[in-house]
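The values are calculated or read from the model by the stated rules, or taken from the named source; none is laboratory data. These figures come from a predicted structure and were not determined experimentally. Positions of Cβ are generated from backbone atoms using ideal geometry, with glycine treated the same way; all protein chains shown enter the neighbour counts. Please note that ligands, DNA and RNA were not included when accessible areas were found on the heavy atoms of the full protein model with its side chains. Shrake-Rupley method; radii C 1.70, N 1.55, O 1.52, S 1.80 Å.
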Amino acid sequence: MAGSDLAKYPFLNEAGAYLRESNFGWEELDRPDMKHIIDRAAERIEIEVNGKIYDNLERYEIEILTFLISLVIVKSISIEQVLRKFALAEARRAEKFLTEDLRKQSEIKRRSVFTKIFEDLFKLRILISEDQRLFKVRVIDYLARASHFNEQEWKLINRLVHNGYVYLDADETVRLIRNELAVLIYDKVRAMTLPTLPQGIKSRADELRLKFLPRYERRASAAVTDYPPCIKHALEVMNKGDNLPHSARVMLATYMLAIGKPVDEIVSMFENAPDFNEKITRYQVEHLAGMKGSHTKYSVPSCDKLRNENLCFATAECDTLINPIQFGRKKK
Amino acid sequence: MRENLFAAKNISVIKKAFREYYFNQSKAIEEPLKMEQREFGFAHFGQAGMLRHLSFKSMKELDAMLVREAPSDVYCSNAYYRIPTQQPMQEKQWLGADLIFDIDGKDLGMPCVPSHSYSVCINCGYGSPPEKHKERSSYSCPSCGCKKADYVSIPCSKCIDGSKKEARRLVDFLLGDIGLEHSAIHVYFSGNNGFHVHINDDAFISLDPQARSDLVGYLSGTGLMLESIGLRKTNTEDLFSIKLPKSGLAFGWRRRIAERLKIDMASAIKLKNIVNQNGGYNAFKVELDRLARDMGVRIDPQVTTDVHRVFRMPGTLNSKSGLSKTKSSDLNSFDPFVDACLLGDGKVSVKVKTPVKLKLKRNSFNVSKESAEMPTYAAVYLMCKGLAEAN
Ligand code: SF4
Ligand SMILES: [Zn+2]
Ligand SMILES: [Zn+2]
């Protein structure tokens, strides 16, 4: 694995190995020359939590440390939404580099990086198509991932499928693992136990925490276990930062209104949407609640309607339901 | 189960026949893989609802229960659970589920159906012969005047051929597109009027409902975009441009559509004309949708996407007909009215509600008198359909 690869993909285990080999220790973070790296890490977090990608690349030694310190800071900030947004942006960052690299597929030696990332990390085998122009993945591997994307073009029927394989170009192939990349980074932070932090990092983390806190404070997310499957699914999509079709947003909002969730809380459920705009979302939710415009309160779409829109993910508990709102209320 | 159809006498005759089957033919019942991880369910004659959340450790245990209880229908989960008997569902600890498909003859819109659909009054059970041209909304029971009837179909060979055609098409998709092995695909007659396809491939058992739903979309031809064959809408007007896909039209749905439209990679202009002949982008979109659905397989999407379902167990009897859910290794030669008709042939005397024609085990029955003696398999068939009563 080349150093330049570790700079782009610092989540690979090799990066950790590099740190160990170079005998890196926490004390060193208080050295004056580390300030540059701590600054970079803080900047990286801020940019990414705001939904952009930090794609500034330096020497791999610096990148690996920056990544590590960002993880430490995010952990120390300990706000769930900050962690989610950071993980998602980090995944997008890696996705961008991966796509670029994968396009240069002629460089055989690069293959090993991809095998590492796709196969070792995510159990996704990618092959080169017969005519060398495309990549192919097994239908089953494709379905397990792409069925959670909501854009119509990702539906299997709109793909080139043959003999058990789905054919994809470089961008598409990498897009397949974005969520897994995000989960990987999310889990890395989750699994961390923090040592007593050097002052230089601690103060940056506290600063950022104070900055983010007002944004996320009142957004304690409710436990999702009691929602019907259609709603649960929509929430999962939302939380992953994927795009949710309009009809699904209407379903989600009307459902939440119907069970008495306050508008504020509902608006914040949408904040992970890639196109989130607080003002517009608030207007739309209030509209559905009958507080705006026509003053008609919209009801939750029926299970029939949701089935037609492919938003239904019925389980056995849905057996006799006519409307998602009945979920969990009926006696079995 | 329509309880009112099962007067005590009917029940005892049918139950006896079912029990005899389970006693003599226990070998016909297939042992499900990892039986101890499956949930079982039963329905009983004359009782509404289904008993679920049951578990059996061995076929011996199950066989004993079948002979003892002679249930009307036997179901087994396609899902594997750590604790199949737990309730509610979440507590069962889902481990995966076989991929299954349901092709139901009654969803195929066969034109012959009215000619073999009998109406049975839901109030008094009076049976009337098929009436080809009469609207169902104008039904009125000749005996009690009730306005509602159940319609029971005695599927004809065209119906069965229609279901077979769908099953073949499904198998083609699964082999050629999805890349399944022949040996992983098991086709069963459903026991009444359709086919069930079970997939035995470990790679598929972990798929979640959404992934299954995506697969269903592919197989049934729903959601195909014009962009997939190279059409792009240029602006809000009905204008479009054509750029045939770089990766060609040789495979999958692109091939199917290209063949149907008779286009290839050199046909950009021809495609443009086709779209225009259809009335432009939007109109062609509707047409493409229709074409794709027409070429897709008619499967019940809910059966495939539900990963907590219990599904009729192979080798067991279907209370809608008394026929058994039977494996078909060769669809061409498979005749459900012979191969799945496995009840005994001891004579039973029944009262037939309306003149009926049917053919079972290669014997034709053309019953016009009220009381008739017939072999058990035929009598049970008619009683299950609600067209006869035990004497
Ligand atoms: S059946 Fe109704 S409640 Fe259940 S998932 Fe479908 S739409 Fe939601
Ligand atoms: Zn009547
Ligand atoms: Zn017919």
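What are the pairs with Cβ atoms under 6 angstrom where one residue, in region A:198-210, is farther than 9 Å from A:I73 by Cβ and the other, located anywhere, is part of a helix (DSSP H, G or I) and at pLDDT below 85? Sequence gap at least six, or different chains.
Every condition considered, the pairs that remain are A:P198/A:L29; A:P198/A:D30; A:G200/A:D30.
Six or more apart or on different chains, Cβ under 8 Å: which pairs go from a residue in region B:57-69 that's at negative phi and outside the structural domain of B:K34 (by TED's automatic domain parsing) to one that's among the charged types (D, E, K, R) and not in a helix (DSSP H, G or I)? Could you list them?
none
Quick one: in region B:151-164, of everything that is buried (at least 17 other Cβ atoms within 10 Å of the Cβ) and among the polar types (S, T, N, Q), which residue is nearest to ligand 2 (Cβ to nearest atom)? It would help to see each step written out before you state the result.
Of the residues in region B:151-164, the ones buried (at least 17 other Cβ atoms within 10 Å of the Cβ) are B:152-156, B:159-160, B:162-164.
Imposing the further condition that a residue be among the polar types (S, T, N, Q) reduces the set to B:153, B:163.
Numbers: B:S153: 19, B:S163: 31 Å.
That would be B:S153.
Among the residues of region B:165-198, which ones are within 13 Å of ligand 3 (Cβ to nearest atom) and open to solvent by less than 10 Å² (accessible area, probe 1.4 Å)?
B:G194
Of (1) within 16 Å of ligand 3 (Cβ to nearest atom); (2) of a type outside the set (A, V, I, L, M); (3) open to solvent by 50 Å² or more (accessible area, probe 1.4 Å), B:Q87 satisfies all except one. Which?
With (1) within 16 Å of ligand 3 (Cβ to nearest atom); (2) of a type outside the set (A, V, I, L, M); (3) open to solvent by 50 Å² or more (accessible area, probe 1.4 Å) applied to B:Q87, the lone miss is (1).
Taking the condition of being at pLDDT 90 or above, more than 18 Å from B:N278 (Cβ to Cβ) and of a type in the set (G, A, S), how many residues in region B:220-268 meet it?
The number of residues fulfilling the criteria is 3.
Tally up the residues in region A:115-149 that are more than 10 Å from every other protein chain (Cβ to nearest Cβ) and surrounded by 13 or more Cβ atoms within 10 Å (Cβ to Cβ), please. Full working, then the answer.
So in region A:115-149, the residues more than 10 Å from every other protein chain (Cβ to nearest Cβ) come out as A:115-128, A:130, A:132, A:135-137.
Retained after the next criterion (residues that are surrounded by 13 or more Cβ atoms within 10 Å (Cβ to Cβ)): A:115-118, A:121-122, A:124, A:126, A:135-137.
Count: 11.
Being in contact with a His (Cβ under 7 Å, 6 or more places away or on another chain) and either surrounded by fewer than 21 Cβ atoms within 10 Å (Cβ to Cβ) or more than 30 Å from B:A149 (Cα to Cα) (or both): is that true of B:Q25 here? Step through it out loud before you land on a result.
Numbers: in contact with a His (Cβ under 7 Å, 6 or more places away or on another chain): no; either surrounded by fewer than 21 Cβ atoms within 10 Å (Cβ to Cβ) or more than 30 Å from B:A149 (Cα to Cα) (or both): yes.
Considered against the rule, which asks whether it is in contact with a His (Cβ under 7 Å, 6 or more places away or on another chain) and either surrounded by fewer than 21 Cβ atoms within 10 Å (Cβ to Cβ) or more than 30 Å from B:A149 (Cα to Cα) (or both), B:Q25 comes out as no.
Could you list, in sequence order, all residues of region A:123-178 that are touching a residue at least 40 places away in the same chain (Cβ under 8 Å) and out of contact with any helix residue (DSSP H, G or I) (no Cβ under 9 Å at 6 or more places or on another chain)?
From region A:123-178, those touching a residue at least 40 places away in the same chain (Cβ under 8 Å) are A:124, A:126, A:148-151, A:170-171, A:173-178; that's our starting set.
Scanning region A:123-178 gives a single hit, A:E151.
Conditions (1) away from ligand 2 (no atom under 16 Å from the Cβ); (2) surrounded by fewer than 17 Cβ atoms within 10 Å (Cβ to Cβ), marked per residue:
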{"site": "B:E91", "(1), (2)": "yes, yes"}
{"site": "B:V120", "(1), (2)": "no, no"}
{"site": "B:C124", "(1), (2)": "no, yes"}
{"site": "B:C141", "(1), (2)": "no, no"}
{"site": "B:A149", "(1), (2)": "no, no"}
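Within region B:203-216, can one find any residue that is over 22 Å from B:A79 (Cα atoms), within 14 Å of chain A (Cβ to nearest Cβ) and open to solvent by 10 Å² or more (accessible area, probe 1.4 Å)?
no
Considering region B:110-128 alone, what residues qualify as being part of a loop (DSSP other than H, G, I, E, B) and within 16 Å of ligand 3 (Cβ to nearest atom)?
Step one: of region B:110-128, the residues part of a loop (DSSP other than H, G, I, E, B) are B:110-112, B:122-126.
Correct list: B:M110, B:P111, B:C112.
Just for region B:126-135: of the residues that are open to solvent by 70 Å² or more (accessible area, probe 1.4 Å) and in contact with a Pro (Cβ under 9 Å, 6 or more places away or on another chain), which one is nearest to ligand 2 (Cβ to nearest atom)?
Residues of region B:126-135 open to solvent by 70 Å² or more (accessible area, probe 1.4 Å): B:126, B:131-135.
With the extra rule that they be in contact with a Pro (Cβ under 9 Å, 6 or more places away or on another chain), the set shrinks to B:126, B:131-134.
On the way: B:Y126: 4, B:E131: 16, B:K132: 21, B:H133: 21, B:K134: 16 Å.
Per the criteria, the residue is B:Y126.
Counting only residues that are over 20 Å from B:V310 (Cβ atoms) and near ligand 1 (Cβ under 7 Å from one of its atoms), which one in region A:304-320 is nearest to the other protein chains (Cβ to nearest Cβ)?
Just the residues of region A:304-320 that are over 20 Å from B:V310 (Cβ atoms), to begin with: A:304-311.
Filter once more, so that each one left must be near ligand 1 (Cβ under 7 Å from one of its atoms): A:306-307, A:311.
Numbers: A:L306: 12, A:R307: 8, A:L311: 10 Å.
Out of the qualifying residues, it is A:R307.
Please find, within region B:96-109, the residue that is nearest to B:N200 (Cα to Cα) out of those that are surrounded by fewer than 21 Cβ atoms within 10 Å (Cβ to Cβ) and within 16 Å of ligand 3 (Cβ to nearest atom).
B:D104
Look through A:K279, A:K240 and report the one residue that is touching a residue at least 24 places away in the same chain (Cβ under 8 Å), away from ligand 2 (no atom under 16 Å from the Cβ) and open to solvent by 20 Å² or more (accessible area, probe 1.4 Å). Walk me through how you get there before you give the answer.
On the way: A:K279 fails: touching a residue at least 24 places away in the same chain (Cβ under 8 Å).
Going through A:K279, A:K240 in turn, just one is touching a residue at least 24 places away in the same chain (Cβ under 8 Å), away from ligand 2 (no atom under 16 Å from the Cβ) and open to solvent by 20 Å² or more (accessible area, probe 1.4 Å): A:K240.
What number goes with the only condition from (1) modelled with pLDDT under 85; (2) within 30 Å of A:L176 (Cβ to Cβ) that A:E278 does not pass?
It fails just one condition, (2).
Please state which of the following conditions B:T326 fails to meet, knowing it meets all the rest: (1) within 16 Å of B:Q25 (Cβ to Cβ); (2) surrounded by fewer than 17 Cβ atoms within 10 Å (Cβ to Cβ).
With (1) within 16 Å of B:Q25 (Cβ to Cβ); (2) surrounded by fewer than 17 Cβ atoms within 10 Å (Cβ to Cβ) applied to B:T326, the lone miss is (2).
Farther than 28 Å from B:V307 by Cα, assigned to a helix (DSSP H, G or I), more than 14 Å from chain B (Cβ to nearest Cβ) and under 23 Å from the mean Cα position of the chain (by Cα) - does that describe any residue in region A:269-278?
Yes, region A:269-278 contains a residue that is farther than 28 Å from B:V307 by Cα, assigned to a helix (DSSP H, G or I), more than 14 Å from chain B (Cβ to nearest Cβ) and under 23 Å from the mean Cα position of the chain (by Cα).
Among the residues of region B:35-86, how many are among the polar types (S, T, N, Q) and under 26 Å from the mean Cα position of the chain (by Cα)? Show your work before the answer.
Step one: of region B:35-86, the residues among the polar types (S, T, N, Q) are B:37, B:47, B:55, B:58, B:72, B:77-78, B:85-86.
The next check asks that each one be under 26 Å from the mean Cα position of the chain (by Cα); those that pass are B:37, B:47, B:55, B:72, B:77-78.
Adding up the residues that qualify gives 6.
Can you find even one residue in region B:367-378 that is open to solvent by 70 Å² or more (accessible area, probe 1.4 Å) and outside any loop (DSSP other than H, G, I, E, B)? Walk me through it before giving the result.
First, the residues of region B:367-378 that are open to solvent by 70 Å² or more (accessible area, probe 1.4 Å): B:368-370, B:373.
Remaining after also requiring outside any loop (DSSP other than H, G, I, E, B): B:373.
Checking region B:367-378: at least one residue is open to solvent by 70 Å² or more (accessible area, probe 1.4 Å) and outside any loop (DSSP other than H, G, I, E, B).
Just need a number here: residues in region A:281-317 that are basic (K, R) and at pLDDT 85 or above. Outline the logic, then answer.
At the first step, the residues of region A:281-317 found to be basic (K, R) are A:282, A:292, A:297, A:305, A:307.
Next, only the ones that are at pLDDT 85 or above stay: A:282, A:305, A:307.
Qualifying residue count for the region: 3.
Tell me the residue from A:R204, A:R190 that is assigned by TED's automatic domain parsing to the domain that holds A:L88 and part of a helix (DSSP H, G or I), please. Talk me through it step by step, then tell me what you get.
Working: A:R190 fails: assigned by TED's automatic domain parsing to the domain that holds A:L88.
The match here is A:R204.
Can you find, within region B:155-200, the residue that is nearest to the chain's Cα centre (by Cα) among those that are within 14 Å of chain A (Cβ to nearest Cβ) and among the small types (G, A, S)?
Looking at residues that are within 14 Å of chain A (Cβ to nearest Cβ) and among the small types (G, A, S), I get B:A184.
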